[in-house]
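The values are calculated or read from the model by the stated rules, or taken from the named source; none is laboratory data. Computed from a predicted structure; not experimentally measured. Reconstructed Cβ throughout: ideal geometry from the backbone, glycine too, with neighbour counts over all protein chains shown. Side chains included, ligands, DNA and RNA excluded: accessible areas come from the protein's heavy atoms. Shrake-Rupley method; radii C 1.70, N 1.55, O 1.52, S 1.80 Å.
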Amino acid sequence: MSALEGPTLHVRGRVLVGDDREVGDLWVKDGRVTLTRPSAQGTRMAELEGWVLPGLVDVHCHIGLGADGAVDAATAQQQAVADRDSGVLLVRDAGSPADTRWVQARTDLPRLVRAGRHLARPKRYLRHYGLELDDVARLPEAVRHEARAGDGWVKLVGDWIDRDLGADGDLRPLWPDDVLAQAVAAAHAEAARVTVHAFSEEVVPSLLAAGVDGIEHGTGISPELMAEVAERGVAVTPTLLQVGRFEQIAQQADGRYPRFAARMRHLHARRYEQARALHEAGVRILVGTDAGGTIGHGRLADECAELVAAGIPPADVVAAASWRGREHLGFTSLVEGASADFVVYPADPRLDVGVLRAPTAVVLRGQVVAPRPV
């Protein structure tokens, strides 16, 4: 290797490769990682130093979604850039009404794994967000279509307030148990996994019986079922930033839907206890912000801080937000020959997750993309 053929970037310090492995140096050549010292150094090789994590992962994010539904491409790009500049280099889009496949062709934007549109029922989810099925029997067919159109994931809305009950309106499951089981089987037949929005306790047994792969929010998973969730390998994304809004949602429901308001306040009050109990039960915890709609993009560090506030060890939160999250989505970490997607920090985020808020450098596909020059 001549000098001109050498690497373009050298990072030294503490490179965290996984739970039990770290190395001292990393080089980037042709957009790829090498952990072996090259025989020749690049003539224009840049140097970075610090603690290095594989690119962060937001597993519950909605690029292309705004408060009122789909957004235009320019707004979706701003969302993706905000995520990228925060260190999030891999996104599982957990439902979007916008066609965001174009993001996958942009080498300057995070890698995107799409779940297609939310599948819901009329008046049983947020307007303009999902695909609303007027006949529950259509769910397996709709799941099959979304599985083929997406990137190996399907997103279902498992429960929502039933306003037709008037003052008794509260969270209720959307799908009959047999239809839900058929829908999950249809997704699995297409080699796709199913993750489900679930706030309530009532919906969880049917989700487990149907064989879902993930539960989003999971505020209603009872202590009695947490062991089964763990045993089945069902991943849970607590989305504590979103659950932190439940008091505000309850205030909006006061008077008209008192049962629903009381439920949301209860779930809000015990949100930290719930997340901690899930972790202690051995449930696989993923990190997702629920950005899009009501939560701003680029806030994964805030979500990590919430999980630590709940009592989950910082080292486990960092792992879930990085190499464990990447593994769950089928992406490699910082191994020889992998795409050079990583984030450099001035201190060890496993000791203080607040460090995640200020990366020294964000490197995507071998290019330093943030912080951008002033």
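Here are a few things to note about the model shown:
- Leading residue by the ranking (surrounded by the fewest Cβ atoms within 10 Å (Cβ to Cβ)) among those in region 151-183 that are over 19 Å from D135 (Cβ atoms) and of a type in the set (G, A, S): G166
- Members of region 310-334 found to be touching a residue at least 60 places away in the same chain (Cβ under 8 Å) and aliphatic (A, V, I, L, M), listed by number: A310, V318, A319, A321, L329, L334
- Residue under evaluation A186, criteria (1) among the small types (G, A, S); (2) touching a Lys or Arg at 6+ places or on another chain (Cβ under 8 Å); (3) surrounded by 24 or more Cβ atoms within 10 Å (Cβ to Cβ), criterion not met: (3)
- Residue among A275, A227 that alone is open to solvent by 30 Å² or more (accessible area, probe 1.4 Å) and in contact (Cβ under 8 Å) with a residue 24 or more places away in the chain: A227
- Those residues of region 126-141 which are open to solvent by less than 60 Å² (accessible area, probe 1.4 Å) and either touching a Ser or Thr at 6+ places or on another chain (Cβ under 6 Å) or without any contact (Cβ under 8 Å) to a residue 40 or more places away in the chain (or both), in sequence order: G130, L131, L133
- If the condition is being among the acidic types (D, E) and either in a loop (DSSP other than H, G, I, E, B) or open to solvent by less than 20 Å² (accessible area, probe 1.4 Å) (or both), then region 49-94 contributes D58, D68, D72, D83, D93.
- Total residues in region 1-40 satisfying the condition of being exposed (fewer than 14 other Cβ atoms within 10 Å of the Cβ) and modelled with pLDDT under 85: the figure is 8.
- When region 99-123 is limited to residues that are in a strand (DSSP E or B) and among the basic types (K, R), the one that is surrounded by the most Cβ atoms within 10 Å (Cβ to Cβ) turns out to be R114.
- Cβ pairs under 6 Å, 6+ apart, first in region 25-52 and under 16 Å from S333 (Cβ atoms), second part of a loop (DSSP other than H, G, I, E, B) and open to solvent by 70 Å² or more (accessible area, probe 1.4 Å): V28/T8; L35/E336
- If the condition is being within 17 Å of V154 (Cα to Cα) and either out of contact with any Gly (no Cβ under 8 Å at 6 or more places or on another chain) or of a type outside the set (D, E, K, R) (or both), then region 190-203 contributes E190, A191, A192, V194, T195, V196, H197, A198.
- Of all the residues in region 230-252, those that are surrounded by 17 or more Cβ atoms within 10 Å (Cβ to Cβ) and either on the phi > 0 side of the Ramachandran plot or among the charged types (D, E, K, R) (or both) number 1.
Quick grid of which residues meet (1) closer than 29 Å to S339 by Cβ; (2) out of contact with any Leu (no Cβ under 8 Å at 6 or more places or on another chain):
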site: G69; (1), (2): no, yes
site: L90; (1), (2): yes, no
site: L131; (1), (2): no, no
site: D134; (1), (2): no, yes
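- Odd one out for V368 among (1) under 21 Å from L35 (Cβ atoms); (2) open to solvent by 10 Å² or more (accessible area, probe 1.4 Å); (3) in a loop (DSSP other than H, G, I, E, B): (3)
- For region 253-269, a residue qualifies if it is exposed (fewer than 14 other Cβ atoms within 10 Å of the Cβ) and among the charged types (D, E, K, R), and the qualifying residues are D254, R256.
- Residue within region 135-146 that is small (G, A, S) and at pLDDT 95 or above present: yes
- Residues (surrounded by fewer than 16 Cβ atoms within 10 Å (Cβ to Cβ) and either closer than 25 Å to Q104 by Cα or not hydrophobic (A, V, I, L, M, F, W, C) (or both)) located in region 341-364: P346, D352, G354
- In region 204-223, the count of residues that are over 16 Å from G158 (Cβ atoms) and either open to solvent by 10 Å² or more (accessible area, probe 1.4 Å) or of a type in the set (S, T, Y) (or both) is one or more.
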